[in-house]
Amino acid sequence: MVCSGTTTVCNAPVVAGTTETCNGIDDDCDGLLDEGFCRIGGACFTTGQLNPSNNCQVCTVPSSTVPGPTSWSNVPSGTVCRASMGVCDVQETCNGSGAACPADGFPVVGDGVARRPRSRPATRRRAAPDRRRCARRT
């Protein structure tokens, strides 16, 4: 490759096995930029990599022979986005729309049986994984 003014121009034929990197340049001289990568908001991501600000979205590269996508894909409904941290915590799952992971929740209990999840304030500490402590909550 050679520089021509402010652009990079390929001066070689397409070579099988040349590696494309995510840098905004046609490294393998095939006429495509950053194929095999997602280039979103000026940053590069690989297929399967989660959106760092919303783990209900993922980079999905359809193939390494087309330019990479420039937007996130939604993970399937039911994908765990925050695992349970013990018996007094419930796991949260994505709804499939690309919305952010729901607020952290914990089971509402009276007699030791979980009835429904309820949001927990972000500043509240997680309870120790002890069913007796969990069962005393109201």
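Values computed for the structure shown
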| read-out | value |
| --- | --- |
| Linear extension gain, residue 79 paired with residue 50, 0.36 nm per residue minus alpha-carbon span | 9.2 nm |
| Label-point separation, residue 65 to residue 18 (7 Å along Cα→Cβ), nm | 1.8 nm |
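Readers should treat all values here as calculations from the given coordinates under stated rules, not as data from a laboratory. Remember, predicted model here, so these are calculated numbers, not experimental data. Note that each Cβ is placed from the backbone with ideal geometry, even for glycine, and that neighbours are counted across all protein chains shown.
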